[in-house]
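Chemist: The structure that follows is given in the form of structure tokens.
The values are calculated or read from the model by the stated rules, or taken from the named source; none is laboratory data. Small disclaimer: the values here were computed from a predicted structure and weren't measured. All Cβ positions, even for glycine, are placed from backbone atoms using ideal geometry, and neighbour counts span all protein chains on display.
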Amino acid sequence: MNSFDRNGSGRPGGRKPGGPRGEEDEEEEEEEEGAEGDGLAAWERAYADERSWESLQEDESGLLRPIDTKTLQHAQYRRRLLLRTATGAARIQRGLIRYLYVVLDFSRAASETDYRPSRMAVVAKCAEGFIREFFDQNPLSHIGLVAMKDGVAYRLTELGGSPESQIKALLGKLECSGDPSLQNALDLVHGFLSRAPSFGHREVLFLYSALSTCDPGNIMETIDGCKKAKIRCSVIGLSAEIYICKHLCQETGGTYTVALDEAHLKELLQEHAPPPPAIAEYATANLIKMGFPQRGSETGFAICSCHKELKIGGGYTCPRCFARVCELPTECNICGLTLVSSPHLARSYHHLFPVLPFDEVSVGPPQSAFKKSVKTCFGCQQDISDFGNKPSLYVCCPSCKQHFCLDCDIYIHESLHNCPGCESRKQSILS
């Protein structure tokens, strides 16, 4: 007589009730318990992890089609570019040397799962990308990390110019508990930024998940202290708008925004990467004394002045006091000289003379009496005249009138920082 397994299918020689359990039965029960624990079957969990529905959109006829990610990325880039160029005239003073503290909310609100898998995981991922982009846009600047949880604030990293060390410290402290304290975080960063050089721009960026703050005193006095210390505070909220955060940004000249989803959060963070315009009443002309240290020998050894340790190979030597430092840019711990490298200085030049936004050119499907003169992108030489049955979009430089595809448009304004058409025309004139 055949016995039946848990799924109801007949199986000869099956286990009798109360008999010894086999390894296969235990594995099956563990899988079922795991599926019941999160409310999803195995195939549902794999589908949820892939999040493939985010790459689909509904067209006019009601059919599902893949999203044109290239067009969406170009639209986001155009919004950032127009936002930067809409601040005023072509020549505005910007803070090229920035001292920025990123304050992360690791309270219990960061464990909410409205952002998958959690707010904390999404914030950490977006902060990692922002740190890399920040140092690419601001090679002369410094960044530090502060965390809030359990009603206190503590510093994860000091102000430094190494993105890898900042990211390593961030990913190693992903724990959330308790309530955030906005006042304690402001007091902490105020103490650190007050010691920053006066020629640098002092900034604080909050990534705030909670809907409240647990403060020990009058936070309005703390906000006034940050305003007097010329500290610009900005907040990106992950839940809803909070009055005290909005008031903080208004008083200190920062910006307050609320993210709608993960993609919107990335876009809001990228807006803080370029140097902001200098505040009018705080803008002063300064001559900054800088040193250009030489790279140390790979076989030599010396005591590092920043870590107080004996290190072999690499490092940089201060030209004034000959102290050893590990990374650039930094401040010499012995003589206080600002140490940078010539590539860092050169890479900051494009913020003073940015490339003008290119004009969008939209051309519909080819008609019988229409002949397309532009066939290839001037940058990558890819074909941009193949329209098919849909309108095509490319851009044109307002100075040299050369045409570029969308990928080259983003690359020119975000990475190259000069127009190949204008540069080739200059070379032809000189030759």
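Chemist: Just one of the numbered conditions (1) at pLDDT below 85; (2) in a loop (DSSP other than H, G, I, E, B); (3) in contact with a helix residue (DSSP H, G or I) (Cβ under 8 Å, 6 or more places away or on another chain) is not true of CYS400; which one?
Modeler: (1) is the only condition that CYS400 fails.
Chemist: Additional query: Take SER177 and tell me if it is in contact with a strand residue (DSSP E or B) (Cβ under 7 Å, 6 or more places away or on another chain), modelled with pLDDT of 90 or more, small (Gly, Ala, Ser) and exposed (fewer than 15 other Cβ atoms within 10 Å of the Cβ).
Modeler: So SER177 fits the description; yes.
Chemist: Being part of a loop (DSSP other than H, G, I, E, B), touching a residue at least 12 places away in the same chain (Cβ under 8 Å) and of a type in the set (Asp, Glu) is the requirement here; does GLU203 meet it?
Modeler: no
Chemist: Find the residue count for region 193-209, including only residues that are aromatic (Phe, Trp, Tyr) and crowded, with 17+ Cβ neighbours inside 10 Å.
Modeler: Residues flagged as aromatic (Phe, Trp, Tyr) and crowded, with 17+ Cβ neighbours inside 10 Å within region 193-209 amount to 2.
Chemist: If you don't mind, there's one more thing I want to ask. Is it true that some residue in region 210-223 is exposed (fewer than 13 other Cβ atoms within 10 Å of the Cβ), more than 22 Å from VAL102 (Cα to Cα), free of Cβ contacts under 8 Å to residues at least 60 places away in the same chain and in contact with a Cys (Cβ under 8 Å, 6 or more places away or on another chain)?
Modeler: Among the residues of region 210-223, not one is exposed (fewer than 13 other Cβ atoms within 10 Å of the Cβ), more than 22 Å from VAL102 (Cα to Cα), free of Cβ contacts under 8 Å to residues at least 60 places away in the same chain and in contact with a Cys (Cβ under 8 Å, 6 or more places away or on another chain), which makes the answer no.
Chemist: Scan region 237-246 and give yes if some residue there is modelled with pLDDT of 95 or more, in contact with a His (Cβ under 9 Å, 6 or more places away or on another chain) and within 17 Å of ALA110 (Cα to Cα), otherwise no.
Modeler: no
Chemist: Being charged (D, E, K, R) and not in a loop (DSSP other than H, G, I, E, B) is the filter; apply it to region 290-348 and report the residue that is surrounded by the most Cβ atoms within 10 Å (Cβ to Cβ).
Modeler: ARG324
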